[in-house]
Amino acid sequence: MRVAFGVLGPTVAESDGRALALKGPRHRAVLARLVVARRRVVPVTHLVGDLWTDPPPGAVGAVQTFVAALRRVLEPDRPSRAPARLLITDGPGYALRPEPDAVDAWRFETAVGAAARLPATQALPRLEESLALWRGPAYAEFEDEDWARGERSRLAELRLQAVEQRARTQLDLGLAAEAVPDLDVHLAAHPWREDAWRLLALALYRQDRQGDALGVLRRARAVLADQLGVDPGPRLRRLEADILAQDPGLDPPAGPTATAARLWTRTAAAYDRTVAAGARARLETTVSLIRNLAVTGGGGLAAARQHRMEAIATAEEFGDPDLTARVIGAYDVPAIWTRSDDPELARRIVDAAERALTASPGDAHEASRCRLLATIALETRGSRAPRGPQAAREAEEIARRLDDPALLAFALNGAFMQSFTRAGLAPRRDEIGAELVELAARHDLVTYEVLGHLIRLQARGALADFAAADRHAAAVDGLAECHELPLAGVFTQWYRALRLAASGQSAGAETAYRDAAARLDGAGMPGLERGLLPLALLCLRVQRGRTWSDTDPGPVEIDPGADWGPYRPWAAPFALLASGRRAEARAVLRALPEPPRDLMYEACCCLEAVVALEVGDRDVLERARTRLLPAAGELAGAGSGLITLGPVEDHLADITSALRAPTSPVPPR
């Protein structure tokens, strides 16, 4: 169960869109206080002092009761004796360890910071989405609490800056009329904001409302004098002089960005007037927009996921299988990561695609059938069910028979996602990537050309051919810059951290990994983001050849409270070994499931082998050897393009040596 927290308004928690019952005000206060701490530990004594001016006898016990009640709400399925993973006990107090995007205030800060680094066309939707997160004043019910005051003030100021940043962005895009209403509301509540007065006057001037613009500046002068006893600052005075002089420098930008923005606004308005509200054409146009939205950045990708299933459900309501097939298949967004960002959404999409296949007549359009099958292959990534590979093969056969380049590119993406049935398949994926690059370059399918280079980057990295992988990384960066595809750079930045790790530069690699992880904030890819940084740091430590009984554990610690995401089962035995609990580590190791069939398969198998070597578990070593033998010529984990554990053959050599001398386990290299 994924829990999200809201503090931009009253404090709330929800799961899958359902509000969780947080009981009384002190329960909410404990939760809000832990959110304010931003994953750091808050001692129980501090919580007592924050909750009561004059703590009653038994206050510590009361706090413990509140925490226990919150845990039952936040992790209802946790076994009674299992350690908490979200609201944890750590030393003298408690810490809340939600996912980085699970708190609305944190998402807001990340989005506003990211918007400042983006071009205006990409920054505006990020700012709109971030401001829409606010439901009222931050920590609304705790305005009188000392522990909340500083955070409330900081977030409130950041929101005011975001409103003004949005207005500046609108002006940069030639959207002066759109900026005026929000600035009016903003100034009514915050009349001392000089930059807001300046932006409002400039927006009015750019609508040929010179008199209104000068009137706004006169109001600003009066408000500042009455409320603060000061004259307008130099920027306001300069703007007034420039308006009176009709300075050409005040004119709206005449560049292509502003022109495109105005064209978009006019065209959207014309479409809205012309095409009937209930027309099917609207639905298909909407899907095209959702598809394009998915490649514009993290906010766009998250919004595309949100709206995609709505479009499919709407199509099904029409009762037309062909329309449903077109709506599902139109979302042919290239995918490189083999773990779903939203497994439940993926399941619902597959179910809808299967329904459309079943409902379609026997002579249904083959291209639509191909797109449905390719969608199933993509959305069942990482699954052990045979349906995914079957769908991928059938989609590829149809696409090759129809000789449709775009269709074949989509089908090849599905084939890539289903190319993880065992270890050692990097050469097969390299072939898929090479065909995608050649096909996409020849037919101007830019996003699939980027995908092909990313696939080859991963495959050549797995095969330790870093010279070729570097060329593909450079090609990705060039295409991404030229065609405004910001998410591609996330993968090349992680790849360059991997390069440092593979060359033995562990200190530089750790810094590079942390920088790359920061870029994942707000990228809209939880299936990639969750647990990746802790896993990368764990792999660095394993590469350095340390055993887990060392008294000097080295600079990278195993933090069981970190967000390990899907990799927690493989991290758990390392944490147990680090605390000297070898028997428990062995038991957890033996209970591990088979790793998911994805880009981290070989890495997880090697991590199992490292622990098995430490605890001397022959059965697990035999199992790891069987799984890893097909990948003997590869670098473990490097096929992900993100991490590495060194050559697989080194791990196999350690395993073989240990199995030959069962009473003397060989420590990992």
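Pick from the stretch 11-56 the residues that are closer than 20 Å to PRO98 by Cβ, free of Cβ contacts under 8 Å to residues at least 40 places away in the same chain and among the aliphatic types (A, V, I, L, M): which of them is most open to solvent (accessible area, probe 1.4 Å)? So, considering only residues that are closer than 20 Å to PRO98 by Cβ, free of Cβ contacts under 8 Å to residues at least 40 places away in the same chain and among the aliphatic types (A, V, I, L, M), the one most open to solvent (accessible area, probe 1.4 Å) is ALA19. Residues that are open to solvent by 20 Å² or more (accessible area, probe 1.4 Å) and in contact with a Lys or Arg (Cβ under 8 Å, 6 or more places away or on another chain) were ranked within the stretch 268-308; the one that is nearest to VAL476 (Cα to Cα) is GLU284.
Out of ARG39, ARG26, one residue alone is within 18 Å of ASP90 (Cα to Cα), of a type outside the set (A, V, I, L, M, F, W, C) and modelled with pLDDT under 95. It is ARG39. Screening TRP147, TRP134, TRP197, TRP192 for residues that are open to solvent by 60 Å² or more (accessible area, probe 1.4 Å) and hydrophobic (A, V, I, L, M, F, W, C) leaves exactly one candidate, TRP192. Restricting attention to the stretch 110-136, the residues being touching a residue at least 40 places away in the same chain (Cβ under 8 Å), charged (D, E, K, R) and within 15 Å of VAL163 (Cβ to Cβ) number 2. When restricted to residues that are free of Cβ contacts under 8 Å to residues at least 40 places away in the same chain, in a loop (DSSP other than H, G, I, E, B) and of a type in the set (Lys, Arg), the stretch 191-238 contains 2. The condition of being open to solvent by 10 Å² or more (accessible area, probe 1.4 Å), hydrophobic (A, V, I, L, M, F, W, C) and in contact (Cβ under 8 Å) with a residue 60 or more places away in the chain holds for only one of ALA587, ALA632, ALA591, that being ALA632.
A single entry from LEU124, LEU133 fulfils the requirement of being over 18 Å from TYR205 (Cα atoms) and in contact with a strand residue (DSSP E or B) (Cβ under 9 Å, 6 or more places away or on another chain): LEU133. Selection within the stretch 393-431: residues that are more than 26 Å from the chain's Cα centre (by Cα) and open to solvent by less than 10 Å² (accessible area, probe 1.4 Å). The member of this set that is nearest to VAL333 (Cα to Cα) is LEU407. Out of the residues in the stretch 74-105 meeting the condition of being open to solvent by less than 50 Å² (accessible area, probe 1.4 Å) and without any contact (Cβ under 8 Å) to a residue 24 or more places away in the chain, tell me which one is farthest from the chain's Cα centre (by Cα). The residue in question is ALA82.
Restricted to the stretch 435-471, and to residues there that are out of contact with any Gly (no Cβ under 6 Å at 6 or more places or on another chain) and without any contact (Cβ under 8 Å) to a residue 24 or more places away in the chain, the residue that is nearest to ALA636 (Cα to Cα) is ASP465.
Only one of ALA156, ALA167, ALA138, ALA162 is assigned to a loop (DSSP other than H, G, I, E, B) and at pLDDT 95 or above; which? So the residue among ALA156, ALA167, ALA138, ALA162 that is assigned to a loop (DSSP other than H, G, I, E, B) and at pLDDT 95 or above is ALA138. In the stretch 310-382, counting only helices (runs of 4 or more DSSP H) that sit wholly within it, the ones holding 3 or more residues that are under 15 Å from VAL287 (Cα atoms) and in contact with a Ser or Thr (Cβ under 7 Å, 6 or more places away or on another chain) span 321-329.
Among the residues that make up the stretch 450-461, is at least one of them more than 22 Å from the chain's Cα centre (by Cα) and either surrounded by fewer than 20 Cβ atoms within 10 Å (Cβ to Cβ) or more than 21 Å from ILE643 (Cβ to Cβ) (or both)? Give the derivation first.
The first filter runs over the stretch 450-461 and keeps only residues more than 22 Å from the chain's Cα centre (by Cα), leaving 456, 459-461.
This time we only want the ones that are either surrounded by fewer than 20 Cβ atoms within 10 Å (Cβ to Cβ) or more than 21 Å from ILE643 (Cβ to Cβ) (or both), so: none.
No, that holds for no residue.
When you check ALA391 against the structure, is it of a type in the set (Gly, Ala, Ser) and assigned to a helix (DSSP H, G or I), yes or no? So that I can check it myself, show each step before the final result.
Values: of a type in the set (Gly, Ala, Ser): yes; assigned to a helix (DSSP H, G or I): yes.
Answer is yes for this residue.
Quick check on the stretch 533-568: of everything there that is over 26 Å from LEU86 (Cβ atoms) and either part of a helix (DSSP H, G or I) or touching a Lys or Arg at 6+ places or on another chain (Cβ under 6 Å) (or both), which residue is modelled with the lowest pLDDT? Looking at the filtered set, the residue picked out is GLY554. Being modelled with pLDDT under 95 and either part of a helix (DSSP H, G or I) or open to solvent by 20 Å² or more (accessible area, probe 1.4 Å) (or both) is a property that does not hold for THR447.
Screening the stretch 503-525 for residues that are modelled with pLDDT under 90 and part of a helix (DSSP H, G or I) and picking the one that is nearest to PRO343 (Cα to Cα) gives LEU520. Taking each residue of the stretch 338-357 that is without any contact (Cβ under 8 Å) to a residue 40 or more places away in the chain and looking for partners that are basic (Lys, Arg) with beta-carbon atoms closer than 7 Å, six or more apart or interchain, yields LEU357/ARG369.
So, ALA69, is that one open to solvent by less than 30 Å² (accessible area, probe 1.4 Å), out of contact with any Leu (no Cβ under 8 Å at 6 or more places or on another chain) and in a helix (DSSP H, G or I) or not? Here the answer is yes, as ALA69 does meet what is asked.
So is GLU164 acidic (Asp, Glu) and either surrounded by fewer than 16 Cβ atoms within 10 Å (Cβ to Cβ) or in contact with a strand residue (DSSP E or B) (Cβ under 9 Å, 6 or more places away or on another chain) (or both) or not? Please lay out each step first, then the result.
Numbers: acidic (Asp, Glu): yes; either surrounded by fewer than 16 Cβ atoms within 10 Å (Cβ to Cβ) or in contact with a strand residue (DSSP E or B) (Cβ under 9 Å, 6 or more places away or on another chain) (or both): no.
It is false that GLU164 is acidic (Asp, Glu) and either surrounded by fewer than 16 Cβ atoms within 10 Å (Cβ to Cβ) or in contact with a strand residue (DSSP E or B) (Cβ under 9 Å, 6 or more places away or on another chain) (or both).
Residues in the stretch 375-406 that are in contact (Cβ under 8 Å) with a residue 40 or more places away in the chain and closer than 21 Å to PRO596 by Cβ: THR375, ALA377, LEU378, ARG381, GLY382, SER383, ARG384.
Of all the residues that make up the stretch 611-649, how many are part of a helix (DSSP H, G or I) and either modelled with pLDDT under 95 or more than 23 Å from GLY461 (Cα to Cα) (or both)? Here the count works out to 11.
Here is a yes/no grid of residues against (1) closer than 30 Å to ALA488 by Cα; (2) open to solvent by less than 20 Å² (accessible area, probe 1.4 Å):
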{"position": "ARG582", "(1), (2)": "no, no"}
{"position": "ARG597", "(1), (2)": "yes, no"}
{"position": "CYS604", "(1), (2)": "yes, yes"}
{"position": "ALA609", "(1), (2)": "no, yes"}
{"position": "GLY616", "(1), (2)": "no, no"}
{"position": "ASP619", "(1), (2)": "no, no"}
{"position": "LEU645", "(1), (2)": "yes, yes"}
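Look at the stretch 272-297: where a residue is free of Cβ contacts under 8 Å to residues at least 24 places away in the same chain and a partner is crowded, with 20+ Cβ neighbours inside 10 Å and in a helix (DSSP H, G or I), sitting 6+ places away or on another chain with Cβ atoms under 6 Å, you get LEU293/GLY300; LEU293/ALA304.
For the stretch 359-382, filtering for residues that are under 28 Å from the mean Cα position of the chain (by Cα) and open to solvent by less than 50 Å² (accessible area, probe 1.4 Å) leaves 11. Looking only at residues of the stretch 508-525 that are in contact (Cβ under 8 Å) with a residue 24 or more places away in the chain and over 15 Å from the mean Cα position of the chain (by Cα), we find that the one that is most open to solvent (accessible area, probe 1.4 Å) is GLU510.
The values are calculated or read from the model by the stated rules, or taken from the named source; none is laboratory data. Since we're looking at a predicted model, the values are computed, not measured. Don't worry about glycine lacking a Cβ; one is built from the backbone with ideal geometry, like all the others, and counts go over all protein chains shown. In case anyone asks, the SASA skips ligands and DNA or RNA and just uses the protein heavy atoms, side chains included. Shrake-Rupley method; radii C 1.70, N 1.55, O 1.52, S 1.80 Å.
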